[in-house]
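The block underneath contains the structure these notes are about, expressed in structure tokens.
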Amino acid sequence: ITTNPTQEDNLNQRRGLLKGLITEEVLARRAQFGENRLPSEKGVSIWTILLNQLKSPLVYIILAAASISLILGEYGDFAIIMVVVVIDVILGFVQEYQAQRTYVAMKGLLKPTTTVIRNGERLEVEIWELVPGDLVVLNAGEKAPADGELLEVTKLSLDEAILTGESEPVSKQPVNLSSLTGEDATAPANAQVFMGTTVVTGRGILRITKTGTHTELGQIAASLSEHDEEDTPLQLRLKAFSKILTYVVVSATLVILAVGLMMGREFFDMLRTSIILAIAAVPEGLLIAVTVILVLGMRKILKRNGLVKRLLAVETLGSVTTICTDKTGTLTEGRMRVSRAELLDNERAWQAMVLCNNLEGPVDIALWEYAEGAAQGNPQALFDATQRLSEELFTSETKYMVTQVTGVMFEGKPHFFL
């Protein structure tokens, strides 16, 4: 038996790589490349949240009215207006502060880990500890912790919908090491794995080439983290309303002052009267009403497992009238579901969904989830009560899967399911 020298060299090189990095190399590369983390937005301080409650044209008008009341000695009006402002600020601050704390606490609970090969041993480490050159063991259901190239593959397919939008799994092959001239060489597309993609079937060993912000997902996250906040529809409407309100109040004040002077009243008395009437025209209650409505909307979204960090974002979400999608015209979660079924034999079809199922793809998973919700029974109990004798896997050419099973429910006789 003869061995191709190129294949033998490739095999020996692959075996040497599968020992992984040693501890000293890991520390040196982490110091060089940094931690494997995506860019995150800066936390919002308590004072920033508090000041955000005062950034409203309506608040400015009400505070101006309070200042004028204080100057004119109308301490009762001043106190009432300030109570309204304080209540509004407290309501908005409490809701946003609680949302921020919940958001930070939820992020702190997430500590994803992965299996890495170092010093020739398999270890469980947190994803942020990975460095370029690390070897990561990928199994079905796991997410790729960084970008890299595959050294070993066993029926491996990944869902890359997070990057491409396509839910169909992509089959992968190991990289040909002899074709790479160094660590910076680019592996073919079918040997590359990107951070955030999910392993659908099989297993593989991934050599990390890029971490953190250098990954494809990291570059997308970095571009999204740099954005200028625009005014929400509510803020735009309040600005327009405040501008109109200011013109109306100032005009009414001047008209009242002019009429009073024409009637022979004292200038300062009329000035005081017109200003007091102008203050009365300011709708202090509108501020509280808007805040209360937004708080109620925020809590309603929270009951549906949605966390809103900023109070004004509630109104922005409610103002959405048009959703633009890609060429397929769909918004997907990267998963499939059975929405409707028309079956001639419900029992037989249910058995086929369970017994012709390896849970290796989106179709298998969708059928299993549908079987779990059916009234025929527990699919896991049926699967455990049978023994698979043989199978013919589904392919794009045949478009079917066949299994031969036996069990007590079949009186020990083999049964075929397609």
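The values are calculated or read from the model by the stated rules, or taken from the named source; none is laboratory data. Nothing here was measured: the structure is a model prediction, and the numbers come from that model. Glycine also receives a Cβ, built like all others from the backbone with ideal geometry; neighbour counts cover every protein chain displayed. Side chains included, ligands, DNA and RNA excluded: accessible areas come from the protein's heavy atoms. Shrake-Rupley method; radii C 1.70, N 1.55, O 1.52, S 1.80 Å.
Summary table below
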{"read-out": "Complete set of residues in segment 53-80 that are modelled with pLDDT of 75 or more, polar (S, T, N, Q) and under 19 Å from ILE293 (Cβ atoms)", "value": "GLN53"}
{"read-out": "Criterion (in contact with a Phe, Trp or Tyr (Cβ under 7 Å, 6 or more places away or on another chain), part of a helix (DSSP H, G or I) and among the hydrophobic types (A, V, I, L, M, F, W, C)) met by exactly one of ILE62, ILE68, ILE49, ILE80", "value": "ILE49"}
{"read-out": "The lone exception for ILE1 - which of (1) at pLDDT 80 or above; (2) of a type outside the set (Lys, Arg); (3) surrounded by fewer than 10 Cβ atoms within 10 Å (Cβ to Cβ) it fails", "value": "(1)"}
{"read-out": "Qualifying position, being in contact (Cβ under 8 Å) with a residue 12 or more places away in the chain and either small (Gly, Ala, Ser) or open to solvent by less than 50 Å² (accessible area, probe 1.4 Å) (or both), among ALA221, ALA258, ALA189", "value": "ALA221"}
{"read-out": "ILE68 being more than 30 Å from ASN119 (Cα to Cα), touching a residue at least 60 places away in the same chain (Cβ under 8 Å), of a type outside the set (S, T, N, Q) and open to solvent by 60 Å² or more (accessible area, probe 1.4 Å)", "value": "yes"}
{"read-out": "Selection within segment 358-398 - of a type in the set (S, T, N, Q), within 34 Å of the chain's Cα centre (by Cα) and at pLDDT below 85", "value": "ASN358, THR395, SER396"}
{"read-out": "Number of the exception - TRP128 against (1) over 27 Å from ARG337 (Cα atoms); (2) touching a strand residue (DSSP E or B) at 6+ places or on another chain (Cβ under 7 Å)", "value": "(2)"}
{"read-out": "Of the criteria (1) surrounded by 12 or more Cβ atoms within 10 Å (Cβ to Cβ); (2) closer than 15 Å to LEU359 by Cβ, which one THR406 fails", "value": "(2)"}
{"read-out": "Failed criterion for THR321 (all others in (1) surrounded by 13 or more Cβ atoms within 10 Å (Cβ to Cβ); (2) more than 27 Å from PRO169 (Cβ to Cβ); (3) modelled with pLDDT of 80 or more hold)", "value": "(1)"}
{"read-out": "Complete set of residues in segment 342-356 that are assigned to a loop (DSSP other than H, G, I, E, B), of a type outside the set (Asp, Glu) and more than 17 Å from THR403 (Cβ to Cβ)", "value": "LEU343, LEU344"}
{"read-out": "Residue satisfying all of: in segment 81-130; among the small types (Gly, Ala, Ser) and surrounded by fewer than 14 Cβ atoms within 10 Å (Cβ to Cβ); modelled with the lowest pLDDT among these", "value": "GLY108"}
{"read-out": "Enumeration of residues in segment 173-206 that are assigned to a loop (DSSP other than H, G, I, E, B), at pLDDT 85 or above and within 19 Å of LEU217 (Cα to Cα)", "value": "PHE194, MET195, GLY196, THR197"}
{"read-out": "Residue check for LEU355: open to solvent by less than 50 Å² (accessible area, probe 1.4 Å) and either over 26 Å from the mean Cα position of the chain (by Cα) or aromatic (Phe, Trp, Tyr) (or both)", "value": "yes"}
{"read-out": "Pair list, Cβ under 8 Å, 6 or more apart: segment 300-314 residue more than 16 Å from ARG101 (Cα to Cα), other residue surrounded by fewer than 11 Cβ atoms within 10 Å (Cβ to Cβ)", "value": "none"}
{"read-out": "Extreme residue, nearest to THR395 (Cα to Cα), among residues of segment 131-149 that are aliphatic (A, V, I, L, M) and buried (at least 21 other Cβ atoms within 10 Å of the Cβ)", "value": "LEU138"}
{"read-out": "Enumeration of residues in segment 262-297 that are more than 27 Å from SER56 (Cβ to Cβ), modelled with pLDDT under 80, in a helix (DSSP H, G or I) and not charged (D, E, K, R)", "value": "PHE267, PHE268, MET270, LEU271, THR273"}
{"read-out": "Scan of segment 298-318 for residues that are under 18 Å from PHE241 (Cα atoms) and either part of a loop (DSSP other than H, G, I, E, B) or modelled with pLDDT under 75 (or both), ordered by number", "value": "LEU312, GLU315"}
